[in-house]
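Only one structure is covered here, and it is reproduced in the block below.
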Amino acid sequence: MKMKNLSTTSSTALFAVVSIGLVAPFVGANSAFAQTTFNDVQTNYWAQTFIQELAARDIIKGFPDGGFRPNEPVTRAQFAAMISKAMNKAPIRGNVSFVDVASDYWAASAIQKSYTTGFMSGYPGNVFEPTQNIPRVQILVALSNGLNYAASQAPETILQSYADASSIPNYARNSVAAATENRMVVNYPNVQFLNPNQTATRAEVAALIYQALVRSGQATAINSPYIVGQTSTNPNNPPSNNSQVRIPAGNMIAVQYSKDKILLGPDEKVPLVLTVSQNIVNSQGLMLVPTGTQVSGELRTVSGGSQFFANELVFANGQRTPINATSKVVTTTERVDRGVSAGTLLRNAALGTAAAAAIAAVTGDRAIATEEILGGAGIGTLLGLFLGRDSVTLSSVNPNTDLALTLNSDLLLSPRF
C-alpha cells in the first residue's frame, strides 16, 4: 500500500519580508497609498476589520499578487517588524547584540527596537531565533510586557475564561492573564480556546496588535465576537436569551469522526455524519453550538480530490438547523495493489461502496464487513467495474484533520445554556 499526497505548497519566504517593509513608523497617520483591501480577505472574514485598520496605518502590508495570506505563519523577526512600527514607545533598556542577527539582516533594527522598548527578549546566550515561527502565547507575553500591564486579580481566576488554560506555559500565565483582563486577546474560531502554543497567523497577529492599540488609546474599539470579554456596542440593548445569533460566513467549525480514515472510489458520494469537536460560544458566554452536535452531510469525490458538504446541524435535543458549509478539497490518495492485506488497509477505516468494491476486486477479499460501508449500492453491483485490475487509486480522507468546516453563508442560531 502506498500513500501519495497530491497537495503542493510554494515557498513564500521572500514575500514575507516584502509584506512587512519598514515604512511609516508613526501608527496614527494613515498612508494615502496604503493598500487596505486584499483579494483573499473578504468583507465577512473574521479578522477583516483588524487587517484593514492595520493596513491603513502601514503596520502590515499585502503581497504583490494583491493578497494578504491571512493564514500564513509569522516569524519572530516579522512580529518584531510589526510591533516596532505599531508601538511608538521610548526605550527602557540598552541595546543588545544577538548572535544570530547580523547587522545587515533585514529586520535587525526592528528586532533591536522591539528589545529596547521591552516588547521582546531573546533566549539564553543572546540568541533571538528570528526565523522561528512565533506562537500565540509569545505574542501576548510581548504585548503585556511591552505595555507594562499586570493583572489586578489572581491570574488563575482570570485564566478560567479558557477551556485550555492548562496548556498555557507557567512563565506566561501572569502576562496572559493581564492581556485577557485588558481585552487584548482574540480567539478564533472559539472564544473559549486560547490555543497558546499554536503558531500565530498573520490574521491573528493583526487582531492582537490592533487590540493592544485599542487598549493603549491609539485605535477605536471593534465589536467582534472573538475578543475575550468584548461587550455589546450598545450596553442598553444586550442580546436577548431568546434572540437569534448570527455566525457570519467564513467562520470555521472543528469536527471529528469515529474512524481514522475514509476511502472513496471514483465519482462517489456517501452520506456522512460528523460531530462538532469544540464548543462554540459568543463573547458573552452564550453557548451557540455545543461539542457533540452532529453535522449531517455528504462526502463526495470532486475535481482534484474529495470534499464534505454539510447541510444540517442536529442538536442533542433533536432540533435541526440548516447549515451551508464545506470542508477544503482533500487531495490525498491511496493506492491499493494486488496482494495487499485488506485487513491492514481497512483498520479503523470507513469506505464508500465504490471503494469497497475496488478493494474487494483488487485484493480478492470478498468479506469486507458491511459496517465499514457508508451506504449506497451493494458491492456486488460495482465489483465488475474493477475486476482484472492489479491496482486502484482511491481518495483518502482523515476526517479528524481534513474536514474542518467553513461556513459558506451566515448561520442563524438560538443561544443555548
Report task. Rank by packing, highest mean first: peptides 296-303, 398-405, 89-96, with packing defined as the count of other Cβ atoms within 10 Å averaged across residues. Result -> 398-405, 296-303, 89-96
Query raised in the report: Ranked highest first by the average count of other Cβ atoms within 10 Å around their residues, in what order do 348-358, 40-50, 183-193 fall?
Result: 348-358, 183-193, 40-50
Query raised in the report: Karplus couplings for segment 392-402 from phi (6.51 cos²θ - 1.76 cosθ + 1.60, θ = phi - 60°), rounded to Hz, Gly and Pro as x?
Result: 8, 9, 10, 6, 10, 10, 9, x, 7, 10, 9
Query raised in the report: Hey, what do the phi angles of segment 142-155 turn into as Karplus ³J(HN,Hα) couplings, whole Hz, using 6.51/-1.76/1.60 and θ = phi - 60°, x for Gly and Pro?
Result: 4, 5, 5, 5, x, 8, 6, 8, 9, 5, 8, 9, 4, x
Query raised in the report: Once amide H atoms are placed 1.01 Å from N in the peptide plane, what residues at a sequence separation of 5 or more from residue 40, or on another chain, have their amide H within under 5 Å of its amide H?
Result: 68, 69
Report summary line: Residues meeting the amide H criterion for residue 288 (H placed from the backbone, H to H distance under 5 Å, 5 or more places apart or on another chain) are 280, 281, 282, 416
Query raised in the report: What's the exposure ranking of 166, 396, 161, going from fewest to most Cβ atoms within 10 Å?
Result: 166, 161, 396
Query - Cα gyration tensor, segment 15-215 - rounded (a/c under 1.5), prolate or oblate - result: oblate
Query raised in the report: Along the Cα-to-Cβ line of residue 303, 7 Å from the Cα, sits a label point; which residues in segment 324-339 have backbone N less than 18 Å from it?
Result: 327-332
Requested in this report: Using only Cα atoms, locate the centre of segment 270-327 and the centre of segment 69-87, then give the distance between them in Å, rounded to an integer.
Outcome: 33
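Any read-out appearing in this document is the output of simple, stated calculations on the displayed coordinates, not a laboratory observation. Note that this is a predicted model, so its numbers are computed, not measured. Glycine also receives a Cβ, built like all others from the backbone with ideal geometry; neighbour counts cover every protein chain displayed.
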